[in-house]
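The values are calculated or read from the model by the stated rules, or taken from the named source; none is laboratory data. A quick note: this is a predicted structure, and the numbers were derived from the prediction, not measured. Ideal geometry is used to build each Cβ from the backbone, glycine not excepted, and the neighbour counts take in all protein chains shown.
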There are 2 protein chains.
Amino acid sequence: MTSVLIIGGGGMIGQKLALSFTENETVSLLDMNFPANSDVNAHKILGSVSDASIMEKALSNRPDTIFYLASVVSGEAEANFSKGWDVNIQAFWSFLAQIKDQYSKSDGEYKPKVIFTSSIAVFGSPFPNKISDDFLTAPRTSYGAQKACCELMLNDFIRKGFCEGLAIRLPTICVRPGKPNLAASSFFSGIIREPLNGLTANLPVSTDVRHWHASPRSAVKFLRHAARLNRDALTFNSALNMPGLSCTVEEQIEALRSIAGNEVVKLIEPNPDEKIIEIVKGWPQSFETKIALDLGFSAESSFEDIVKIYVEDDLQGSVIKI
Amino acid sequence: MTSVLIIGGGGMIGQKLALSFTENETVSLLDMNFPANSDVNAHKILGSVSDASIMEKALSNRPDTIFYLASVVSGEAEANFSKGWDVNIQAFWSFLAQIKDQYSKSDGEYKPKVIFTSSIAVFGSPFPNKISDDFLTAPRTSYGAQKACCELMLNDFIRKGFCEGLAIRLPTICVRPGKPNLAASSFFSGIIREPLNGLTANLPVSTDVRHWHASPRSAVKFLRHAARLNRDALTFNSALNMPGLSCTVEEQIEALRSIAGNEVVKLIEPNPDEKIIEIVKGWPQSFETKIALDLGFSAESSFEDIVKIYVEDDLQGSVIKI
């Protein structure tokens, strides 16, 4: 029986990832908080990954695969510099150190596969039309810098043989269910989610803004596929850019219109926010992701599909076109 | 009166850098060790950069420029994984955190310029013929991963305005005076230095190995020039590749022959070492360094010049061609 540990298992992706496993797999979730209402039936460990006693508990059944999703999001890492670096780097370092300890204590017998969620925020402008797999990581946010450091750390632990694993760089995940979060990218989901729930949504940028998206369902598929890959077969170095869909805000809105109608689209209120406009300017718009596609990763090919996945997975399929 | 702090001021480059300042500049050196015999007349602070009381002492006169040279070298970082990450990352992080503290305590008045010595070890093969300024950092050693993380950290502190500064990526510094060190690149200096001192030298690689060199004198010039630059004028992101000389071991040997004669060259003993051959395969051979050249950085244009600088600066000009 394979066993899985999801660090950050209380988060949106963590919960959906947990639901993707069958009853034949042992799934443990570690997080500082768990949602009150959840369909997830898994062993929950409440605490910090930096706490040695918590990690000892989490590693006690020697999980084969560890998904590391825990992170302070981009907006919060930018607003709270120390918290961002503490959680996004120091906690990850402390996690890796404990993995290495277990490796040593077991004389090299315990060697889990660590799948780390990095982000396209590791890239900074200027960008080519399509970002290639070997594009320079030159982040322009604290969040991006922290993710890039984690990639370097994980790769060195893997190279030295203390664990296996892979860092995958997720597109912006859209449509996120639930409430807006502190990520500066939050509006990309908000302009779809809020109208579909009968609420008004702020659009802080112009409709010609282009960005790189994938659904939460794709994120789960990326993680599961990454865990199945044989890293030895990979020729790249640090982390793998995940496939996604490049589309403009206008294309997002038209997809919403085709699925939910004009009245729903009217709930989107243009409300330019210079701060967000400035941040978004420095973000990637499109990728090539040749290596990932060759390895069998895939994402949505239209934003309508992304909207439909939100409706199916998070609104239980109920949308009335008005 | 400008004041300068050199962290790692007891090392080879630190000592030469200290000697480059005039009596009108206050120079303090911080290190865990200092050479017993030294021409350097500077304020010495013995201790660790991670020790808050030591750093308080080092920052008490609010140095305008801080050169951060302290590092566990490549070979040692590879052999002693934990020590490498502790010294090369955690200590640098602790240093940056203290700089930020001083910035906050002074209400943003104290904002030194931090010049960090990174390395071409941040790059990993496969390489193009000449590595460009925006080539991907994908290190294949712990040392390289650590330097790349430090670059990311420093840049985020600079971006947030807690300090000014620049990370410069040094070529292999050749000819290093003194004893061989634990760097895997040590032989590049050894095959020149040992024969010039009447000693035999091991050559662990083939003579067609090509590498990227600059003299210690150039290293000091890079650091001094970096400290004078206005970072705002720079268009690049993370760190600046320094100019150097691309040459083969054979070209190194012929330069030695032209300066010191056949008998001296005979002291080089080919002694292939598979471990070093393997490491060196993953090292850069040549760079473009367009940005650095445009900014006025320069290095030697022949290996003979590099040998002559060693003779002038470290052998007091005394070589008898035999």
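Answer yes or no: is there a residue in segment A:217-231 that is assigned by TED's automatic domain parsing to the domain that holds A:P139, on the phi < 0 side of the Ramachandran plot and outside any helix (DSSP H, G or I).
yes
Let me confirm something: among A:K113, A:K100, which residue is in contact with a helix residue (DSSP H, G or I) (Cβ under 8 Å, 6 or more places away or on another chain) and at the interface with chain B (Cβ under 9 Å from one of its Cβ atoms)?
Result: A:K100 is the single residue among A:K113, A:K100 that is in contact with a helix residue (DSSP H, G or I) (Cβ under 8 Å, 6 or more places away or on another chain) and at the interface with chain B (Cβ under 9 Å from one of its Cβ atoms).
Could you go through segment B:189-205 and let me know if any residue there is under 19 Å from B:S298 (Cα atoms), free of Cβ contacts under 8 Å to residues at least 40 places away in the same chain and more than 14 Å from chain A (Cβ to nearest Cβ).
no
Report yes if some residue within segment B:159-174 is more than 15 Å from the chain's Cα centre (by Cα) and among the hydroxyl-bearing types (S, T, Y); otherwise report no.
No: zero hits.
How many residues does segment A:143-164 hold that are of a type in the set (G, A, S) and surrounded by fewer than 24 Cβ atoms within 10 Å (Cβ to Cβ)?
1
What is the residue count in segment B:99-127 for residues that are among the polar types (S, T, N, Q) and either under 23 Å from the mean Cα position of the chain (by Cα) or buried (at least 21 other Cβ atoms within 10 Å of the Cβ) (or both)?
Total meeting the criteria: 4.
Yes or no: segment B:191-200 includes at least one residue that is surrounded by 24 or more Cβ atoms within 10 Å (Cβ to Cβ) and β-branched (V, I, T).
Yes.
For segment A:170-199, give me each residue that is under 23 Å from A:E263 (Cβ atoms) and touching a strand residue (DSSP E or B) at 6+ places or on another chain (Cβ under 6 Å).
A:C174, A:F188, A:G190, A:I191, A:E194, A:P195
For segment A:255-266, indicate whether the set of residues that are part of a helix (DSSP H, G or I), modelled with pLDDT of 95 or more, touching a Phe, Trp or Tyr at 6+ places or on another chain (Cβ under 6 Å) and small (G, A, S) is non-empty.
Yes, that holds for at least one residue.
If you take the residues of segment A:266-289 that are in contact with a strand residue (DSSP E or B) (Cβ under 9 Å, 6 or more places away or on another chain) and surrounded by fewer than 16 Cβ atoms within 10 Å (Cβ to Cβ), which of them is farthest from A:E254 (Cα to Cα)?
In this case the residue turns out to be A:D273.
Looking only at residues that are among the aliphatic types (A, V, I, L, M) and more than 21 Å from A:R228 (Cα to Cα) in segment A:19-39, which one is modelled with the highest pLDDT? Quick ask: steps written out before the conclusion?
Filtering segment A:19-39 down to residues among the aliphatic types (A, V, I, L, M) leaves A:19, A:27, A:29-30, A:32, A:36.
Now drop any that are not more than 21 Å from A:R228 (Cα to Cα), which leaves A:30, A:32, A:36.
Details: A:L30: 98, A:M32: 95, A:A36: 90.
Only one residue fits best here, namely A:L30.
With respect to the numbered conditions (1) more than 7 Å from chain A (Cβ to nearest Cβ); (2) farther than 30 Å from B:N197 by Cα; (3) among the polar types (S, T, N, Q), which one is the sole condition not fulfilled by B:T172?
In the conditions (1) more than 7 Å from chain A (Cβ to nearest Cβ); (2) farther than 30 Å from B:N197 by Cα; (3) among the polar types (S, T, N, Q), B:T172 misses (2) alone.
Given the conditions (1) aliphatic (A, V, I, L, M); (2) part of a helix (DSSP H, G or I); (3) at the interface with another protein chain (Cβ under 7 Å from one of its Cβ atoms), and given that B:I158 satisfies all but one, which numbered condition is not satisfied?
B:I158 satisfies every listed condition except (3).
Just give me the residues in segment A:290-322 being more than 25 Å from A:T207 (Cα to Cα), surrounded by fewer than 16 Cβ atoms within 10 Å (Cβ to Cβ) and among the charged types (D, E, K, R), in sequence order.
Listed by number, the residues that qualify are A:K290, A:D294, A:E312.
Restricting attention to segment A:271-308, and to residues there that are touching a Pro at 6+ places or on another chain (Cβ under 7 Å) and part of a loop (DSSP other than H, G, I, E, B), which single residue is nearest to A:R176 (Cα to Cα)?
For segment A:271-308, the residue satisfying everything is A:A299.
Among (1) within 14 Å of chain B (Cβ to nearest Cβ); (2) without any contact (Cβ under 8 Å) to a residue 24 or more places away in the chain; (3) of a type in the set (S, T, Y), there is one condition A:S60 misses while meeting the rest; what is its number?
(1)
Conditions tested, residue by residue: (1) at pLDDT below 95; (2) polar (S, T, N, Q); (3) surrounded by fewer than 19 Cβ atoms within 10 Å (Cβ to Cβ).
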| position | (1), (2), (3) |
| --- | --- |
| B:G10 | no, no, no |
| B:I13 | no, no, no |
| B:L17 | no, no, no |
| B:N41 | yes, yes, yes |
| B:T65 | no, yes, no |
| B:S74 | yes, yes, no |
| B:D86 | yes, no, yes |
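Being at the interface with another protein chain (Cβ under 10 Å from one of its Cβ atoms) and among the acidic types (D, E): is that true of B:E151 here?
yes
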